[in-house]
Amino acid sequence: MSLPVGDAHSHANPARGMGAAEIARRFRGSGGWFMAILSLNPWSYGIEPPGFEAYMRVVKLVVNECSRAREQGLTVKCFAGFHPADVDKLVDRYRVRPEEVLRLGLRVVRELRRLCREGVIDGIGEVGRQHFKTMPERVAIAAAIMEEALQAVEEGCMVQLHLEQAGRATVETVNVTVSRLGLTKRSLIVFHHSTLAMAEAAASLGYQATVPGVPSLLEHAAGRTEPVFMVESDFIDDPRRPGVVVYPWVMAEKVRELASKGYEEWAWRVAVDNIVKAFGVEPP
Ligand SMILES: [Zn+2]
Ligand SMILES: [Zn+2]
């Protein structure tokens, strides 16, 4: 059996990009079997103004996109969130006062927790902290929203975190929060866009991690690292926005190439086994 490849963190944008059906079709064609699809912010889909209703429309949209991807034969887990960069955009572009951004984020995340308990979505993401320099109060707001979201793990919901990349410090500060909140289900927390050092730290503390499935990074990681993480495309499906990390099908082809070049066990772990474990899905 040639290696099936799972993508632990991706997006789909039917308003501006190709949408989940086409993404799933292409990904399947390159051996893809699993995809976690996460929401983008409301304005990425042209949903404005960005208040509570807009975020709820995003939930409907992403749930629908997940169904489109499943129709193509993919196993899919569906996430909606309140991205830390939304805090900055809401203040700068939409002129929302910081305290109102905090209230909005908390309200959205509380509703996402309810929707997850009801099985409408499978988890919350992205939430977390800004990866760029910003005002301290905005980091504090994002962190407070993340804390609200993290509590979803005790209700059996996964949480995908978007954070700064400061190695072990990033993982350990989240770990302090998790401990203080008394959360026990660490394995439901995913450190998305991890560096290899962060992934190792996360795994050693009982968390999950995904690393970008960029071919050069995979080439470097195969054989040099313990396969304690999953791979992600973080595809944003928006030709107008720069920053495509990697196309899911390009990532899949690279992982399959590495499997055929002597890294078979490593590749199965990152592309299949770890996904089965983290997301609680049936193997392909
Ligand atoms: Zn992210
Ligand atoms: Zn993302």
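Quick notes on this one:
- Net charge contributed by nearby residues that have their C-beta within less than 13 Å of residue 213 (K/R +1, D/E -1): -4
- Segment residue 118-residue 64, length gained on full extension (0.36 nm per residue, minus Cα span): 17.8 nm
- Segment 107-199: proportion of alpha-carbon pairs further apart than 15 angstrom, %: 58 percent
- Here the alpha carbons of segment 43-123 define both size measures, Rg and Dmax, at 13.7, 44 Å.
- The alpha-carbon atoms of segment 5-279 define a convex hull whose volume equals 112 cubic angstrom per residue.
- Dipole size of the chain about its Cα centre, with +1 on Lys/Arg Cβ and -1 on Asp/Glu Cβ: approximately 360 debye, rounded to the nearest 20.
- Distance cut-off 19 Å, percentage of C-alpha pairs in segment 148-253 lying past it: 46 percent
- Nearest-0.05 FRET efficiency for residue 95 and residue 226, computed from C-beta distance (R0 45 Å): 0.45
- Restricting attention to the chain, lysine pairs at least eight places apart or on different chains and with alpha-carbon atoms under 26 angstrom apart total 9.
- Relative counts (whole %) of C-alpha pair distances in segment 198-267, using bins that are 10 Å wide: 20, 47, 27, 6
- Ordering of 152-160, 111-119 by burial proxy (mean other Cβ atoms within 10 Å per residue, highest first): 152-160, 111-119
- In range of the label at residue 154: residues from segment 182-208 whose backbone nitrogen is under 14 Å from the point 7 Å along Cα→Cβ: 182-186
- Most positive-pole-ward Cα, 203, 116, 250, against dipole of segment 5-279 from beta carbon charges: 116
- Stretched out straight at 0.36 nm per residue, the stretch from residue 180 to residue 137 would grow longer than its current Cα-Cα span by 13.4 nm.
- Mean separation of Cα contacts under 8 Å, 6 or more apart, over the residue count of segment 5-279: relative contact order %: 20 percent
- Additional length obtainable on full extension of the chain from residue 187 to residue 111, 0.36 nm per residue less Cα span: 25.1 nm
Rule-based calculations on the coordinates, nothing more; no lab input. Computed from a predicted model, the values in this text were never measured in an experiment. Positions of Cβ are backbone-derived with ideal geometry, glycine not excepted, and every protein chain shown enters the neighbour counts.
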